[in-house]
1. Among Ala67, Ala95, Trp297, flag the residue with its Cα farthest along the positive direction of the charge dipole of the chain, charges on Cβ as +1 for Lys/Arg and -1 for Asp/Glu.
2. Based on DSSP H assignment, which helices of the chain show an axial Cα extent of at least 18 Å together with a mean Kyte-Doolittle hydropathy greater than or equal to -1.0?
3. Work through the residues other than Asp109 whose Cβ is under 12 Å from its Cβ and net out their charges, Lys, Arg +1 and Asp, Glu -1.
4. What does the net charge come to around Val207 if you take all other residues with beta carbon closer than 11 Å to its beta carbon, with K and R at +1 and D and E at -1?
5. As a check on your grasp of the helix formula, calculate [θ] at 222 nm for the chain: sum -39500 (n - 2.57) over DSSP H runs of n ≥ 4, divide by the residue count, round to the nearest 500.
6. Val259: net charge of surrounding residues, Cβ under 15 Å, Lys/Arg +1, Asp/Glu -1, itself excluded?
7. Using alpha carbons only, how many angstrom separate the centre of the stretch 152-224 from the centre of the stretch 41-90?
8. Sort 106-115, 190-199 for me by packing, meaning the mean count of neighbouring Cβ atoms within 10 Å per residue, highest on top.
Amino acid sequence: MSAAPGGDPMRDAFGAGRVMAQAVRAARELVRSAEAHPGLFAADAIDATTFNALACANAFAAAGVGARGMRVLNRTALWLFGLDWLVDHKAAALAEIEDINGRVLAVLDGAAPLPGDVLTPFLAEIRDEVSESPAFPRLRDAWRDALVRVLDAGAREWEWKAAAAAGDRSALPSLDAYLDNADNIGSAWVNLSHWIALADPATVEHVAPLREADREVQKALRLLNDLATYERDLAWNDLNALMLVDDRAAVSDRLDAIVRNCRALLEPLRDACPDGADYLARQLGFNSAFYGASDYWGSH
């Protein structure tokens, strides 16, 4: 493919090379984090594919902050893979999920992890690191709220799947309800953790409208994932938008509408808080292309 008219292929490649160097460093950090918590990341589905894909996605979204600036972003994203695996694929009863959620909230609120718990020691490390940010006191409640949304959404989706597996397909949600539950993918909590760690004054000042846009971006990421992973979700007994709306074109149209709304929400923020707004735009742009050919899970 030839370069765009007026473009500088060497300069473009230089910029891409800097981002990829950041991604390589981030992938190494993710591997070290996983190795430090082997009980949490023992599943075959969390492997080099996961580490490399997460590192690349975050490096392109957070271009310019450096590997150190990506540390909380990467670690929260990786921790969510461990949580998702335990809730979606290991829990056999709602009581198990309620126990997981209780342990998570206790540690989030300052408690020490219980002996033998594989999930919350890594969260405690993240909590302690995020709390060192000068932005944390102002955003502590928002940070907790965002993770509560993740936990509640994960339990709600588990109940939907369990009811359907028992033969009650009437328990499955509408597409609107499913999208309103998109917090179960956790990207809004990850992004807020990243913004707290960076403590950019303009981003912190405009965090409320950024969070509104972020939850809309999260819905788009949910549908991008679903359109890309329908066959895998069938095999894994996961819920997918295409199981709720038997019309791929309708789901694609809904995605297009959500992306348009994302643009509308982000555009007025680009002057007020360019770092936060551009981060969300890059996250959405990267994943729109990435999910066309791959996803973040490894083998299963």
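1. Ala67
2. 9-36, 48-61, 71-84, 94-108, 136-165, 207-228, 248-266, 274-290
3. Cβ neighbours under 12 Å give a net charge of +3.
4. -2
5. Calculated from helices alone, the mean residue ellipticity at 222 nm is -22500 deg cm²/dmol.
6. +1
7. After rounding, the separation between the Cα centres reads 17 Å.
8. Peptide ranking by packing, descending: 190-199, 106-115.
Read-outs throughout are calculated quantities, based only on the coordinates presented, and are distinct from any laboratory measurement. Remember, it's a predicted structure, so these values are computed and weren't measured experimentally. When we count neighbours, we look across all protein chains shown, and the Cβ atoms used for this are built from the backbone with ideal geometry, even at glycine.
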